[in-house]
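A short worksheet on the structure shown next.
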Amino acid sequence: MKTELLKKIKEKKIVAGVVGLGYVGLPLAVEKAKAGFKTIGFDVQESKVKMVNEGKNYIGDVVDNDLADLVKNNMLSATTDFSFIKDVDFVAICVPTPLDEHQEPDISYVKSSTEAVSKYLHKGMMVVLESTTYPGTTEELLKPILEKNSGLVCGKDFYLGFSPERVDPGNLFYKTKNTPKVVGAIGEDAAEVISAMYSAVLESDIHTVSSPAVAEMEKILENTYRNINIGLVNELGRLCNKMGISVWEVIDAAKTKPYGFQAFYPGPGLGGHCIPLDPYYLTWKAREYGFHTTLIENSMVINDSQPEYCVERAIHIRNRHKKSINGAKILMLGVSYKNDIDDYRESPAIRVYKELKKVGANVSYFDPWVAEFKNMYGESGKSIPELTPEVVKSYDLVMVTAAHSNVDYEMVQKNAVAIFDTKNVMKNIKARDNIEVL
């Protein structure tokens, strides 16, 4: 099986499948098709399937402009019919792994996708999970489902592995194609063949590890590392505020050290589909072993409470003006979770938006990237249509909650009554009397 698959990879005779056509799956499907492998995308959302088949990019800068040409040339197609899994030799599962209402892992999308694949699993097939999850998922969840429902044996009849997604929306340099890939599989043959497949598609190093669990833990480490360090600077920022010290100046000074220090910055909280969620997967799994991840959990508490802290600071700003937050007109600049993207998944700005309303503020937002938002928790809103001097003057407080580069901050500074800058985007503006920085 190994020899046959390696030959098919070399000759570009593999038909590739991608389950889940979101921020991870669609770019991966595009790269596979660009590399010369006929690719089928699978998704339960008919709207996504329709847009792919029309050659429309609904993701943004993480997808190449070649999408329409690939569809036109029959190298890429999409469907809601999972029976076409029977026609593919390689399938990557790239579905969401959110948290449930109890802040515990929700792997229902992974499970249902695996069950769908298992119905049409055939000999000589490669299955790879890319969704971020707890260590052990591939071997403890996917393998039993695939074997039981298909009657096939992992390692003998098909290969199974885990290769964590690495997608950074807004990154102008690192994309799916040139970001190094980690592969962990069940058995050496599986690792070799799956690595060969990724190597044939990507222009990056492929790092093979000894098992799927190592690759799963590696992905959790990447984002937990960032969670902890962001928690550190958020807590330090609170202390610096009490002491009358600029945490931003402290960080700028610390990063002059050429070794042993990497700069992280405070903000209104954590957002996106990875950093705020992944540590919960690890702490949940750790409890199975009677182990408490104290440092990780403490950083999560700090980061999770940062939106409320920002609202407290806004209340203090109003109090210093002898005004109440209750009834105040507040304009938030940005609701996406990071600058210059339209992705608002788990955005801390939306948490700030919600908390401001709780204390009686009349809240509006302006975001040139997010015309409107509606999330799974029921929060929704629409951006004001334009940002003019007259609009800015009409608000009691302007809060910068996303560092978008296409906002005229000098105009905002000249016209705002008061500004709370949680992203330090106004650091180069000389007249700063009406600005308070997080």
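Numbers at a glance
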read-out	value
Correct option for semi-axes √(5λ) of the Cα gyration tensor in Å [calculated from the coordinates] among [x] 44, 24, 19; [y] 36, 25, 24; [z] 35, 25, 20	[x]
Virtual paramagnetic centre 7 Å along Cα→Cβ of N74, amide N under 15 Å, in the range 21-48	37-40
Kyte-Doolittle at least -1.0, axis length at least 18 Å by Cα - qualifying DSSP helices, the chain	188-201, 212-243
With at most 12 neighbouring Cβ atoms within 10 Å, loop chymotrypsin sites (Phe, Trp or Tyr not before Pro) (DSSP) excluded, longest segment of the chain	1-172
Nonlocal amide H pairs with Y159, under 5 Å, H built at 1.01 Å	M125, M126, V127
The range 126-143 residues near the modelled Y174 label - backbone nitrogen below 19 Å, point 7 Å along Cα→Cβ	130-133
Under-5 Å amide H pairs with Y365, H placed in peptide plane, nonlocal only	M332, I384
I230 accessible area, assembled protein chains, probe 1.4 Å, Å²	30
Where labels lie 7 Å past Cα in the beta-carbon direction, separation of N362 and D81 in nm	5.5
Part-to-part distance (alpha-carbon centres) for the range 51-84 and the range 96-160, which is given in Å	24
Sulfur and carbon atoms: percent of accessible area, the range 95-143 [1.4 Å]	46
Helical contribution to [θ] at 222 nm, DSSP H n ≥ 4, -39,500 (n - 2.57), averaged over the chain, rounded to 500	-11500 deg cm²/dmol
Dipole moment magnitude, nearest 20 debye, the range 1-153 about Cα centre, only Lys, Arg, Asp, Glu C-beta charged	900
Estimated inter-spin distance, K156 and R287, nm [label 7 Å along Cα→Cβ]	3.8
Charge dipole (the chain, unit charges on Cβ, about Cα centre) - positive-most of Y344, Y281, P27	Y344
Overall form of the range 43-174 per C-alpha gyration tensor (a/c, 1.5; a/b vs b/c)	oblate
Which of N319, F158, M217, positive extreme of dipole for the chain (C-beta unit charges)	N319
Percent antiparallel among DSSP beta bridges (both partners in the chain, rounded to 5)	15
Neighbour cut-off at most 14 other Cβ (10 Å), DSSP loop, trypsin sites (Lys or Arg not before Pro), the range 1-91	K12, K13, K56
Taking the chain and dividing mean pair separation by its residue count, relative contact order in percent (alpha carbons under 8 Å, at least six apart)	10
Magnitude of the charge dipole, the range 93-181, Cβ model with Lys/Arg +1 and Asp/Glu -1, debye to 20	560
Segment E11-R432, length gained on full extension (0.36 nm per residue, minus Cα span)	145.3 nm
Cα-centre dipole for the chain with unit charges at Cβ (Lys and Arg positive, Asp and Glu negative), debye to 20	620
Beta bridge orientation in the range 1-121: antiparallel %, DSSP, nearest 5	10
Restraint check, K8/K181; K34/K72; K50/K72; K111/K338; K13/K56, Cα-Cα greater than 23 Å	K111/K338; K13/K56
Gain upon complete extension [S108, L221; 0.36 nm per residue less C-alpha separation]	38.4 nm
For the chain: accessible area per residue (Å², 1.4 Å)	46
DSSP bridge orientation in the range 295-415 - percent antiparallel, rounded to nearest 5	25
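The values are calculated or read from the model by the stated rules, or taken from the named source; none is laboratory data. Computed from a predicted model, the values in this text were never measured in an experiment. Using ideal geometry, Cβ is built from the backbone for each residue, glycine included, and neighbour counts are taken over all protein chains shown. SASA here: full protein model, heavy atoms, side chains in, ligands and nucleic acids out. Shrake-Rupley method; radii C 1.70, N 1.55, O 1.52, S 1.80 Å.
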